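Below is one structure; the comments refer to it alone.
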Amino acid sequence: MSVLAAAVSEFARGGLEGTSTEAIATAAGISQPYLFRLFGSKKGLFLAAVKETFARTVATFEAAAGERSGQEALAAMATAYNDLLAEPSYLLMQMQAYASCGDPDIRVVTRRGFRDLWYAVERLTGLEVDVLRAFFAMGMLCNVSAAMDLPALDERWAQIICSDGVGIETSKQALAGGFLGPASADTDDAANTDDPTGERIQH
């Protein structure tokens, strides 16, 4: 197993604070000293795992879209993302990144990863902002639903959320029906810059 794959797997379960570098090194088949030579610190490795998770999503979307554009590309990405969510480590690593955004360094990397993902979907589909917002909103709902394993819960509210299939596949119907209303006029000017955070990572 590669170091980053081992890091994603271990951090997904324990987060930054609850994961030992010893466990990651063992899973990767290397020594702890070599691990620190590669990444400098445990947080440095966590940041690399966050970057890897977002980069994998972008690569998956690009491969799924292929030569498609518009709603066809969006539908293909939805299906591909649904497959990614079936991997517990991938899903939970995402959630650990968002949950750790109280740390300024992690917040910067997570923002940049999400920014790159937004730009990728925008570029690959060429669709309007409101449609993209609906896609991302449904994706986040699917993240939470999958993390809580709502499909396994035999309660009315959970089954309503999971209707029309488990995961982001549901977004196809939602998007077709206009899942979200008009976007708010309030925008963050920083979101339109190449570096929306304006922050620098401290090493």
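Among the residues making up segment 1-13, those that are within 19 Å of residue 100 (Cβ to Cβ) and among the small types (Gly, Ala, Ser) are 6, 7, 9, 12. For segment 59-85, a residue qualifies if it is without any contact (Cβ under 8 Å) to a residue 40 or more places away in the chain, small (Gly, Ala, Ser) and outside any helix (DSSP H, G or I), and exactly one does: 66. Counting the residues of segment 49-76 that are farther than 20 Å from residue 110 by Cα and not aliphatic (A, V, I, L, M) gives 7.
For residue 127, the conditions (1) at pLDDT 95 or above; (2) more than 18 Å from residue 2 (Cβ to Cβ); (3) open to solvent by 20 Å² or more (accessible area, probe 1.4 Å); (4) in a helix (DSSP H, G or I) all hold with the exception of (4).
Do you know which residues across segment 96-127 are under 23 Å from residue 144 (Cα atoms) and hydroxyl-bearing (Ser, Thr, Tyr)? Those that are under 23 Å from residue 144 (Cα atoms) and hydroxyl-bearing (Ser, Thr, Tyr): 98, 100, 110, 119.
Taking residues in segment 14-29 that are farther than 22 Å from residue 103 by Cβ, and partners anywhere that are of a type in the set (D, E, K, R) and buried (at least 16 other Cβ atoms within 10 Å of the Cβ), the pairs with Cβ atoms closer than 9 Å and at least 6 places apart or on different chains are 27/10.
Every test in (1) in a loop (DSSP other than H, G, I, E, B); (2) out of contact with any helix residue (DSSP H, G or I) (no Cβ under 6 Å at 6 or more places or on another chain); (3) open to solvent by less than 60 Å² (accessible area, probe 1.4 Å) is passed by residue 108 save one, and that test is (1).
The values are calculated or read from the model by the stated rules, or taken from the named source; none is laboratory data. Since this is a predicted model, take the numbers as computed values, not measurements. Counting neighbours? That spans all protein chains shown, and the Cβs are built from the backbone with ideal geometry, glycine included. Note: areas computed on protein heavy atoms with side chains; ligands, DNA, RNA excluded. Shrake-Rupley method; radii C 1.70, N 1.55, O 1.52, S 1.80 Å.
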